[in-house]
1. Residue 356: which lysines have alpha carbons under 21 Å from its alpha carbon, excluding same-chain residues fewer than 8 sequence positions away?
2. How far is the Cα center of region 351-396 from the Cα center of region 255-294, in Å?
3. What ³J(HN,Hα) values, in whole Hz, does the Karplus curve 6.51 cos²θ - 1.76 cosθ + 1.60 give for region 125-135 when θ = phi - 60°, with x put for Gly and Pro?
4. For a quick check of your reading of the filter: which GluC sites (Glu not before Pro) in region 403-498 sit in a DSSP loop and have no more than 13 other Cβ atoms within 10 Å?
5. Evaluate the charge dipole of region 362-498 about its Cα centre and quote only its size in Debye, nearest 20, assuming +1 on the Cβ of each Lys and Arg and -1 on the Cβ of each Asp and Glu.
6. Listed here are the pairs 215/256; 283/492; 41/358; which of them are more than 21 Å apart at the Cα?
7. Cβ neighbours within 10 Å, averaged per peptide: list 394-407, 467-480, 27-40 in order, most packed at the top.
8. State to the nearest 20 debye the size of the charge dipole of region 293-437 about its Cα centre, where the only charges are +1 on K and R beta carbons and -1 on D and E beta carbons.
Amino acid sequence: MPLRLIALFLPIAAAILLGGCATEPSLYTGETAYYGYTWEKELELGRQSDVGIVKQMGLYQDDQLAAYIRELGNDLLAHSAIRSESAPEIYRNTEFTFRLLDSPVVNAFALPGGYVYVTRGLLAHLENEAQLAVVIGHEITHVEARHASKQALKQQIGQIGLIAGAVIGEHVAENKELAREMINLSGDVFQLVSLKYGRDAERESDLHGVEYAAKAGYAAEEGSAFFRSLDRISEKSGQSIPSWMSSHPDPGEREKTISELAAQWRTTSNGQPIIGRERFFEKVDGLIVGENPRNGYTDGSRFYHPDLAIQFNTPQGWTLQNESGAVYLTDPNRTVLVAFTLAHESSPLEAALKLKEKLSLETSYAQDTNVNGLPAYILEGSVTSANGSLQIHSTFVQHDSHVFTFLGYGNGATFSNFQSLIRGIPGSFQKITNPQILNVQPYRIAITPAERSASFKELLPGRLPPGTDAQDWAIMNQLDLDERIERGRLIKLPAQIR
Ligand SMILES: [Zn+2]
């Protein structure tokens with residue numbers, strides 16, 4: 001009796017701490033389990049966060065490739081537990097969204113409620129469709145097993161937005177809410193994406209990932225070769241382990257388990273399992289590799305955005321972060337932040353008035369002006385909230401049909417030290433006229449038959465895309481540099497199409 005009482009009380013205590021705890025049937029057992037969010041709430045979290053992900057990271061612009069990911073995702077989903085007849089009613093009809101993100105980072109992740117993402121960087125590092133199937137199966141499992149929701153319960157992170165400050169720097173710690181509103185960074189997105197699930201959850205995802213890939217007809221043991229590459233990537237980069245790798249089981253152990261699991265499923269399925277190398281290569285031929293300079297790049301202290309045909313200076317020592325919807329610049333101590341975005345308004349004045357209203361800005365300076373011959377408007381002032389006050393410098397510049405916003409802000413005391421630097425950034429804004437910069441092209445993967453039998457190293461062109469070396473290309477091909485390639489074998493080589 002007392003034992004039972006304790007069991008009853010614990011979830012209640014958790015519920016109070018979290019302001020919400022859900023008891024719903026587990027997808028796998030049908031038995032009641034505890035989650036940080038209700039399934040309903042997970043669907044909503046996924047929907048909201050997806051908007052943020054797409055905005056921040058951007059979708060890869062290739063409809064065919066996006067459709068390929070979607071179709072493969074849905075094919076695997078059809079073999080998953082969430083689509084099985086025994087799945088509890090609340091889960092069974094959940095629609096899934098499979099997206100291809102325009103990021104060179106090797107990554108795959110899932111959000112609650114049915115959102116699965118892979119990056120173009122991940123595709124570049126895969127050798128066949130079977131590997132992709134295992135990765136997507138793994139991510140589907142994170143969703144259906146509700147790992148994020150379970151983790152939320154464990155870590156008591158039921159409240160959204162607690163970590164927003166961590167992304168944009170400590171300087172805004174006191175003004176988190178305001179800062180987030182200003183740069184549209186949503187805390188829950190960050191929180192969900194950076195979640196570490198723990199080893200048990202990862203093992204569970206590997207287990208089902210292999211199962212679904214095998215049931216869909218794939219040679220799921222191929223998955224282990226990709227996990228070996230992940231290991232090589234993290235070894236080479238030394239520090240930046242892809243986020244979805246960080247909490248994953250020991251790669252050696254993982255490789256072995258995946259092969260074993262795949263062998264088990266093999267005995268139950270008929271027919272020749274699909275590896276799908278050529279099919280996959282056909283899809284990724286021409287895929288952009290590395291940073292895409294058309295989306296913006298830095299050369300020396302100058303930032304260029306060829307697609308928008310604009311450029312401006314970055315103060316020396318500052319960090320520039322180029323996201324899909326915005327460019328952020330911060331000083332070395334992250335005392336101030338300058339956000340560069342596109343405004344929705346049609347003139348600098350209109351955009352300035354909109355910002356003034358949105359932030360309830362107390363104006364100290366407002367002036368019509370021009371920047372290197374382009375119409376502009378400067379607006380300065382401060383914003384006071386319950387958490388303190390922020391100093392704001394904003395410049396709005398018009399170029400063609402676009403109005404660009406430079407929004408600099410920081411805390412009052414230190415802001416004045418940075419004023420001339422902050423004003424200097426929009427002051428250096430100009431259109432790009434140099435055709436070489438305007439027409440710069442990204443590097444792409446060219447699926448190429450080896451022109452002769454030689455080591456992989458010898459088959460690489462003399463000039464590799466900036467930021468990559470021979471070893472990177474070997475990893476991308478899941479080969480060793482000295483590995484012998486027979487003439488005619490398809491390999492991934494860099495190409496720049498002008
Ligand atoms: Zn995982």
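1. Straight-line reach from residue 356, under 21 Å: 176.
2. Region 351-396 and region 255-294 have Cα centres spaced 52 Å from each other.
3. 9, 9, 10, 6, 5, 4, 5, 4, 4, 5, 4
4. Values: sites: 451, 458, 483, 486; in loops: 451, 483, 486.
Passing both the DSSP loop test and the Cβ count: 451, 483, 486.
5. Numbers: 11 positive and 12 negative charges, 99 e Å.
In total the dipole reaches around 480 debye.
6. Numbers: 215/256 19 Å; 283/492 12 Å; 41/358 29 Å.
In this structure, 41/358 exceed 21 Å between Cα atoms.
7. On the way: 394-407: 21.1, 467-480: 18.0, 27-40: 16.2.
Those peptides, ordered most packed to least, come out 394-407, 467-480, 27-40.
8. On the way: 8 positive and 11 negative charges, 40 e Å.
Dipole size: approximately 200 debye.
The numbers here are math on the coordinates, done by the rules we state, and not lab data. Every value quoted in this text rests on a predicted model; they were computed, and no experiment measured them. All Cβ positions, glycine included, derive from the backbone under ideal geometry; neighbour counts span all protein chains shown.
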